[in-house]
Amino acid sequence: MADTSRNKFWAVIGASFVAVGLLIRLAIAMGGSHASPAPIASPPSPDDGTVTVKPGDYPPPRSLCAHVDFQEFAEVFRLEGARDGYNTGLEPEVVSGSMCEQSMSRGGTGAGTVEVTVLCSAWTDVAKAVDGFELGRSSSLYGPPEAVSGLGDQAFRYRGSNHPTVGLRVLARNLDCKVEAEPKPPLSDAEVDGTFTAMQQLLQTLIPKLAH
């Protein structure tokens, strides 16, 4: 009798597993037959007023010294020595670029030297490019930034809060470029004006070259 009861018990368990298996297969079949195809996004209408910014419009700049000659500064300073630069990017999957620097001398009563550096970096994500640009704008290293129009998507120029550095920074989609001048001794007001003019001219010429 014990064997008969045991056999009946295992027979019931086996039937239960078979029933569960059939239910699972039925559910899968029903789910598969009623699954909706993945939606396909339609392109935005040109009349809907939206503007799409595409990540990666600018590739990572390389060999920046091949694209700048600093002649824009010839009206203010005298170029000395060869340009020097290198590629940057410790996290190339996030941001990478290139820099170039040039030494210059000053004449007249404001004799001294100026080191001018150009740095351009392309971000793989436009939102991160904007974040980095805004972080630079709010840096405590600089005095109040002054907006510059007609250059990139947005731009500002600045002077050091407790040092003589002056600079101009531009954001063009995923490309972030800046030019900085570090003078010894500090620049005169006339030199500052000339330096800002030269920086703007340099970036206006440089940025279109970096789109390819």
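The values are calculated or read from the model by the stated rules, or taken from the named source; none is laboratory data. Computed from a predicted model, the values in this text were never measured in an experiment. Cβ coordinates were reconstructed from backbone atoms using ideal geometry, including for glycine residues, and neighbour counts include every protein chain displayed. Please note that ligands, DNA and RNA were not included when accessible areas were found on the heavy atoms of the full protein model with its side chains. Shrake-Rupley method; radii C 1.70, N 1.55, O 1.52, S 1.80 Å.
For segment 170-180, check the following and say yes or no: at least one residue is polar (S, T, N, Q) and open to solvent by 20 Å² or more (accessible area, probe 1.4 Å). Working first, answer last.
If we filter segment 170-180 for residues that are polar (S, T, N, Q), which is where we start, we get 174.
Now drop any that are not open to solvent by 20 Å² or more (accessible area, probe 1.4 Å), which leaves none.
No: segment 170-180 contains no residue that is polar (S, T, N, Q) and open to solvent by 20 Å² or more (accessible area, probe 1.4 Å).
So for segment 120-133 (the condition being among the hydroxyl-bearing types (Ser, Thr, Tyr) and touching a Lys or Arg at 6+ places or on another chain (Cβ under 6 Å)), does at least one residue qualify?
Taking segment 120-133 as the starting set, the residues that turn out to be among the hydroxyl-bearing types (Ser, Thr, Tyr) are 121, 124.
When the remaining residues are screened for being touching a Lys or Arg at 6+ places or on another chain (Cβ under 6 Å), the result is none.
No: segment 120-133 contains no residue that is among the hydroxyl-bearing types (Ser, Thr, Tyr) and touching a Lys or Arg at 6+ places or on another chain (Cβ under 6 Å).
Just for strands (runs of 3 or more DSSP E) wholly inside segment 76-125: which have at least 2 residues that are free of Cβ contacts under 8 Å to residues at least 40 places away in the same chain and in contact with a Leu (Cβ under 6 Å, 6 or more places away or on another chain)?
Working: elements: 78-91, 95-106, 112-123.
Ranges flagged: 95-106.
Look at segment 184-212: where a residue is of a type in the set (A, V, I, L, M, F, W, C) and a partner is modelled with pLDDT of 95 or more and part of a helix (DSSP H, G or I), sitting 6+ places away or on another chain with Cβ atoms under 8 Å, you get Leu187/Thr195; Ala198/Glu72; Ala198/Phe73; Met199/Glu72; Leu202/Glu72; Leu202/Phe73.
Being out of contact with any helix residue (DSSP H, G or I) (no Cβ under 8 Å at 6 or more places or on another chain), farther than 19 Å from Leu210 by Cα and surrounded by fewer than 16 Cβ atoms within 10 Å (Cβ to Cβ) is not true of Ser103.
Do we find that Ala198 is part of a loop (DSSP other than H, G, I, E, B) and aliphatic (A, V, I, L, M) in this structure? Considered against the rule, which asks whether it is part of a loop (DSSP other than H, G, I, E, B) and aliphatic (A, V, I, L, M), Ala198 comes out as no.
For Ser161, the criteria (1) open to solvent by 20 Å² or more (accessible area, probe 1.4 Å); (2) in contact (Cβ under 8 Å) with a residue 12 or more places away in the chain; (3) out of contact with any Gly (no Cβ under 6 Å at 6 or more places or on another chain) hold in every case but one, which is (3).
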